[in-house]
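Notes follow the structure.
The values are calculated or read from the model by the stated rules, or taken from the named source; none is laboratory data. This is a predicted model, so every value here is computed, not measured. Glycine also receives a Cβ, built like all others from the backbone with ideal geometry; neighbour counts cover every protein chain displayed. Ligands, DNA and RNA are excluded from the accessible area calculation, which covers all protein heavy atoms including side chains. Shrake-Rupley method; radii C 1.70, N 1.55, O 1.52, S 1.80 Å.
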Amino acid sequence: MTDDAEAPAPRPAFAHASEAELARILDFYDVRWTYEPDTFPIGWSLDGDVIESFSPDFYLPDLDMYLELTTLKQSLVRKKNRKLRRLRELYPDVRIKLFYARDFRMLLLKFGRLALAAELSGTVGQATPPRAQAQAGGQEAAARRDARVSPRQADTATDGEVQSDDDDEAADDPADAFGPAGRLDDDPDAGRTPRGRRRGRRRRAAARAASLAAGGPVAESVPPGAPNGFPSTGTLP
Amino acid sequence: MTRTVDLNADIGEVLLTEEVIAAKTAELGRRISEDYAGRQLTLVSVLKGSLPFMADLMRQIDLPLRIDLMEVSSYGGTATESSGLVRIIKDLSASIAGEDVLLVEDIIDTGLTLNYLIRYLKGKGPASLRICTLLDKPARRLVEIPVDYRGFEIPDQFVVGYGLDYGERYRNLRFVGVLRPEVYGEPQ
């Protein structure tokens, strides 16, 4: 192998093992994707502050479509569905598809890999083993993501100020189909508790919201119907 | 423990009988014959599931035509390693440049495989490329695919038979049926 051989694209730090699996499937079929590239404000306080946002898991640039993978039990996706309806009301030009736990299970069944669904949903001891490449790539991706929030924005963030869609996933029934136990070990946040991870996400979302309220640039956000400027994470050579 | 396969007993419901499939195939054949009259038609089928449909459909098309077969690898990644990229296991045996190509599929669900194949075949310079599928499961769609000829839109259930398999079994059923969930390990 030569030194100038093209290195594989770094993998982002997936919040959930099922997302990592879906990314592998998209890679296999040569469908380009980016992971959580955009955040859409969907709720505001009377003061105009963003109090609720939605960050779809994947954006598929060639299809101009967002994909949200929710692995909660069907009976527990009410909040997620409400957020999706709200997003569609506010951003009618944004195409988004919600991929439910059942959809994911059926997808794995189609590939004869239904057993993997159980593996992804297992207990802590069954979490996906770490992969060196994913770990390195994940840390880089996390660093890039954090770097997009300026120190000023980060300073203005208040813990718990903004409710993001990730809170829905963790706050409901811990016995859900792919609960927090299914998170990847290679996640740089793996040593933190789920609550700690949520706080980190809240901080970043709050920083984006603060910037929005101040009329400044909003990291990782897009105007309705114009999902541009996505990073190249996950693209194939 | 190896489970004994009882082809018919494993079917919870017959979704499409042999007769219904035959009638629809004849209807599609007539439409295709009209639409492609006077043109150079090549049917391209994707192994293995499309084989029975292809065999029946081509005999319902009253035109001189060519057929060709392709096979692509299916996703089989593990949780710990990448499965790489989809591979063409069997490529076309002749050029389709300048030909009117009709891609014949057994079922479209996510659209992932078909999306890849469409891009691949378009790269070979056909005069036109259309899609014909016996079954369409739009509830599963991830990639929107323009379908030109559609046999049946089916509900979001796991179906086998008439070429469709589960673990390489059930392809030889004459009908399309819904596989009992307990067969693939799901509680009913």
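I want to confirm something. Restricting to the stretch B:163-178 and keeping residues that are outside any strand (DSSP E or B) and open to solvent by less than 20 Å² (accessible area, probe 1.4 Å), which single residue is farthest from B:Thr113 (Cα to Cα)? Don't jump to the end; show me each part of the working.
Within the stretch B:163-178, the first condition is being outside any strand (DSSP E or B), and the residues that meet it are B:163, B:165, B:167-168, B:170-175.
Subset that is open to solvent by less than 20 Å² (accessible area, probe 1.4 Å): B:163, B:170, B:173.
On the way: B:Gly163: 17, B:Tyr170: 21, B:Leu173: 24 Å.
Of everything passing the filter in the stretch B:163-178, B:Leu173 is farthest from B:Thr113 (Cα to Cα).
Is there any pair with a first residue in the stretch B:34-45 that is free of Cβ contacts under 8 Å to residues at least 60 places away in the same chain and a second that is in a loop (DSSP other than H, G, I, E, B) whose Cβ atoms are under 7 Å apart and which are 6 or more apart or on different chains, and what are they?
Taking only residues 6 or more apart or on different chains, the pairs are B:Ala37/B:Leu63.
Only one residue in A:Tyr100, A:Tyr29 is touching a helix residue (DSSP H, G or I) at 6+ places or on another chain (Cβ under 9 Å), open to solvent by 10 Å² or more (accessible area, probe 1.4 Å) and modelled with pLDDT under 95, so which one is that? Lay out the reasoning, then the answer.
Values: A:Tyr29 fails: open to solvent by 10 Å² or more (accessible area, probe 1.4 Å).
So the residue among A:Tyr100, A:Tyr29 that is touching a helix residue (DSSP H, G or I) at 6+ places or on another chain (Cβ under 9 Å), open to solvent by 10 Å² or more (accessible area, probe 1.4 Å) and modelled with pLDDT under 95 is A:Tyr100.
Out of the stretch B:170-188, which residues are farther than 17 Å from B:Leu15 by Cα and either at pLDDT 95 or above or more than 11 Å from chain A (Cβ to nearest Cβ) (or both)?
Selection gives B:Glu182, B:Pro187, B:Gln188.
Could you figure out which of (1) open to solvent by less than 30 Å² (accessible area, probe 1.4 Å); (2) not in a loop (DSSP other than H, G, I, E, B) isn't true of B:Thr113?
(1)
With the condition being out of contact with any Gly (no Cβ under 6 Å at 6 or more places or on another chain), open to solvent by less than 10 Å² (accessible area, probe 1.4 Å) and within 29 Å of B:Val183 (Cα to Cα), I'd like the strands (runs of 3 or more DSSP E) fully within the stretch B:4-105 carrying at least 1 qualifying residues. Let's see the steps before the verdict.
Values: elements: B:11-16, B:41-47, B:65-72, B:88-90.
Where strands (runs of 3 or more DSSP E) fall fully within the stretch B:4-105 and carry at least 1 residues being out of contact with any Gly (no Cβ under 6 Å at 6 or more places or on another chain), open to solvent by less than 10 Å² (accessible area, probe 1.4 Å) and within 29 Å of B:Val183 (Cα to Cα), they are B:41-47.
Residues of the stretch B:90-120 being within 14 Å of chain A (Cβ to nearest Cβ) and more than 16 Å from the chain's Cα centre (by Cα), which ones?
B:Arg119, B:Tyr120
Return the residue satisfying two criteria in turn: it lies in the stretch B:116-158 and is among the aliphatic types (A, V, I, L, M) and open to solvent by less than 10 Å² (accessible area, probe 1.4 Å), and of such residues it is nearest to B:Ile11 (Cα to Cα). Outline the logic, then answer.
Start the filter on the stretch B:116-158 by keeping residues that are among the aliphatic types (A, V, I, L, M), which leaves B:117-118, B:121, B:127, B:129, B:131, B:134-135, B:139, B:142-143, B:145, B:147, B:154.
If we keep only those that are open to solvent by less than 10 Å² (accessible area, probe 1.4 Å) too, we end up with B:117, B:121, B:131, B:134-135, B:142-143.
Details: B:Leu117: 31, B:Leu121: 35, B:Ile131: 29, B:Leu134: 19, B:Leu135: 18, B:Leu142: 27, B:Val143: 29 Å.
Going through the qualifying residues, I end up with B:Leu135.
Having 3 or more residues that are touching a residue at least 40 places away in the same chain (Cβ under 8 Å) and either charged (D, E, K, R) or over 16 Å from B:Leu112 (Cα atoms) (or both) is the bar; report the strands (runs of 3 or more DSSP E) wholly within the stretch A:30-107 that clear it.
On the way: elements: A:40-44, A:50-54, A:58-60, A:65-69, A:96-99.
Here the list reads A:40-44, A:50-54.
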